[in-house]
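Chemist: Before I ask anything, here is the structure I am working with.
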Amino acid sequence: MVDRREALRSRDGHGCKPACLLATLSLRPGQGPPARARVTTSLAKLIEHRYGTLRVPVELVLPDGAQLRLAERPEVRIIVRSFDGLRALARPAMGRLARAYVHGDLDFSGSARRVLDIAERMAGDVASSHESLAARIRLWRSQLRENRENIAHHYDVSNAFYRLWLDERMAYSCAYFHREDDTLDAAQAQKLDHICRKLRLARGERFLDIGCGWGGLLFWAAERYGVEATGITLSRNQFDHVSAEIARRGLSDSVRVELLDYVDLPDEPRYDKIASVGMFEHVGVARFPKYFGTIQRCLKPGGFVLNHGITHGSPDVHALGSGIGDFVERYVFPGGELTHVSSVLAAMARAGLEVVDAEALREHYARTLWHWTERLEANGDAARREVGDERFRVWRIYMAGSAHAFERGWLSLWQLLAGKPNDDGRLPHPLTREYMYGDASGT
């Protein structure tokens, strides 16, 4: 039998490795507090052994109040509140650490931004992995549910909660920054106008927004470009908000919203322009033919669509590694699925949509997510009162983790502009991209 004390002393690679040792550190039925205390002590030593050479700038506060410095000048304090928190640190993975934080087994001081950098060093390789069988089964089950159920899980939390950290128009998608010091409000307005310019919206055109959120793009397009705007959403909270805002603004003649799934869009009317912003992540790769086929069917010949969505950073990645993808599926986006932009381009082409422009906004989304995270942290007490501590923790660590993933290049964000060619194969559009740029209207 392995002598645990000798294994813990060993730092030269001989004897039982940490993973091997951890397998022996489990409580059997009937073991009481003394046994738990011995295991807790052994786990604490194992953590010190694991991180001793990494020099991560962390001070650990153990469940018994003891403090353990992993570097001479700690920058972050991690408070271990339970045996499960110790186990998460002893076998760190980003998803496992996130779950421990969500359930209150771990806490940390300071900003989530700094903690994410440190957590990656603790967990090791993160960028990619093959999904576990359990994760694939969870995704499959989520995708069997109606889209409405998955959307409600994420969006029907509380409008007041989202209002605490979104911009004044409640745009819940990547902003567009012209300058380093742009405010979130300005960057979101610039994003809305960038989309309208790309689509070359014109007065009197029919415009469809698939997954319209809280209506920011609908109102921008109708009020500044004079289109007849229709939005569809599966979120009851969003539908009620947009309906009330239409009445408040007196736009019932030019803006309407429907509680409708994209798969149920009728053949008529057809639209001159369509946008889908921050929605197609919910579709699932297997449903791309249906999704892009529906868009193609709903477009008039010569019409254009802008698809704005998150993709993987590498064509060889099926899921973010270190348990991140599984965490997001369980706690944040049930049924969501990402792929590389090359797969999206292929799916659009197969559906009869010709891509004429592609723009990567990875850095813009990282910046957007850090704005959201910092605003949520600044309003932490109000957020907890609105949705409870656990949901606050989910959103805080999810958005900070997403920002980190965009910064590291594990995730990307693409705006793809495509058209439905006329019957003769022609697709009239400007020869250059100059029409997309200029001062954003109303900013």
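The values are calculated or read from the model by the stated rules, or taken from the named source; none is laboratory data. The structure presented is a predicted model; accordingly, all values stated were derived computationally and were not measured. Don't worry about glycine lacking a Cβ; one is built from the backbone with ideal geometry, like all the others, and counts go over all protein chains shown.
Chemist: Residues being of a type in the set (S, T, Y) and within 14 Å of A400 (Cβ to Cβ): count how many of those fall in region 98-126. Outline the logic, then answer.
Modeler: Of region 98-126, the ones of a type in the set (S, T, Y) are 101, 109, 111.
Now narrow it down to the ones that are within 14 Å of A400 (Cβ to Cβ): 101, 111.
Matching residues across region 98-126 total 2.
Chemist: Looking at region 303-322, which of the residues that are of a type outside the set (D, E, K, R) and modelled with pLDDT under 85 is surrounded by the most Cβ atoms within 10 Å (Cβ to Cβ)? Step through it out loud before you land on a result.
Modeler: Pass one, region 303-322, residues of a type outside the set (D, E, K, R): 303-315, 317-322.
Narrowing the set further to residues that are modelled with pLDDT under 85 leaves 317-322.
Details: V317: 20, H318: 19, A319: 22, L320: 26, G321: 21, S322: 24.
Only one residue fits best here, namely L320.
Chemist: Continuing with the same structure: Among the residues of region 155-180 satisfying the criterion of being buried (at least 21 other Cβ atoms within 10 Å of the Cβ) and among the small types (G, A, S), which is nearest to the chain's Cα centre (by Cα)?
Modeler: Checked region 155-180; the qualifying residue nearest to the chain's Cα centre (by Cα) is S173.
Chemist: Give Q190, Q143 a once-over and let me know the one that is more than 17 Å from the chain's Cα centre (by Cα), modelled with pLDDT of 90 or more, among the polar types (S, T, N, Q) and not in a loop (DSSP other than H, G, I, E, B).
Modeler: Values: Q143 fails: modelled with pLDDT of 90 or more.
Just one listed residue meets the conditions, Q190.
Chemist: Could you give me the residue pairs with C-beta distances under 6 Å whose first residue belongs to region 386-402 and is aromatic (F, W, Y), whose second residue is surrounded by fewer than 22 Cβ atoms within 10 Å (Cβ to Cβ) and assigned to a helix (DSSP H, G or I) wherever it lies, and which are 6+ apart or on separate chains?
Modeler: From region 386-402, the pairs are F392/R384.
Chemist: Within the bounds of region 412-423, is there any residue that is assigned to a helix (DSSP H, G or I) and crowded, with 21+ Cβ neighbours inside 10 Å?
Modeler: no
Chemist: Filter region 323-338 down to residues that are crowded, with 20+ Cβ neighbours inside 10 Å and among the β-branched types (V, I, T) and give me whichever is farthest from F292 (Cα to Cα).
Modeler: I324
Chemist: Could you check region 276-289 and list, in sequence order, the residues that are out of contact with any helix residue (DSSP H, G or I) (no Cβ under 6 Å at 6 or more places or on another chain) and either of a type in the set (V, I, T) or surrounded by 14 or more Cβ atoms within 10 Å (Cβ to Cβ) (or both)?
Modeler: First, the residues of region 276-289 that are out of contact with any helix residue (DSSP H, G or I) (no Cβ under 6 Å at 6 or more places or on another chain): 276-282, 285-287, 289.
Scanning region 276-289 gives S276, V277, G278, M279, F280, E281, H282, V285, R287.
Chemist: Looking at region 89-102, I want the residues that are over 18 Å from P63 (Cβ atoms) and have a partner that is part of a loop (DSSP other than H, G, I, E, B) and among the hydrophobic types (A, V, I, L, M, F, W, C) with Cβ atoms under 8 Å, at least 6 apart or on another chain. Which pairs are those?
Modeler: Sorted first by the residue in region 89-102, then by its partner, the pairs are M94/V126.
Chemist: Give, as residue ranges, the helices (runs of 4 or more DSSP H) completely inside region 31-123 that count at least 1 residues that are surrounded by fewer than 17 Cβ atoms within 10 Å (Cβ to Cβ) and at pLDDT 90 or above.
Modeler: Working: elements: 33-51, 83-90, 94-102, 112-123.
Helices (runs of 4 or more DSSP H) meeting the threshold: 83-90, 112-123.
Chemist: Please state which one of G401, G409 is surrounded by fewer than 20 Cβ atoms within 10 Å (Cβ to Cβ) and farther than 23 Å from R287 by Cβ. Break it down into steps so the answer makes sense when it comes.
Modeler: Values: G401 fails: surrounded by fewer than 20 Cβ atoms within 10 Å (Cβ to Cβ).
Step by step, each of G401, G409 is checked, and only G409 is surrounded by fewer than 20 Cβ atoms within 10 Å (Cβ to Cβ) and farther than 23 Å from R287 by Cβ.
Chemist: Cβ-Cβ distance below 6 Å, separation of 6 or more or different chains: which pairs start in region 200-216 with a residue that is surrounded by fewer than 24 Cβ atoms within 10 Å (Cβ to Cβ) and end on one that is aromatic (F, W, Y) and assigned to a strand (DSSP E or B)?
Modeler: If the second residue must be aromatic (F, W, Y) and assigned to a strand (DSSP E or B), the pairs left are R206/Y271.
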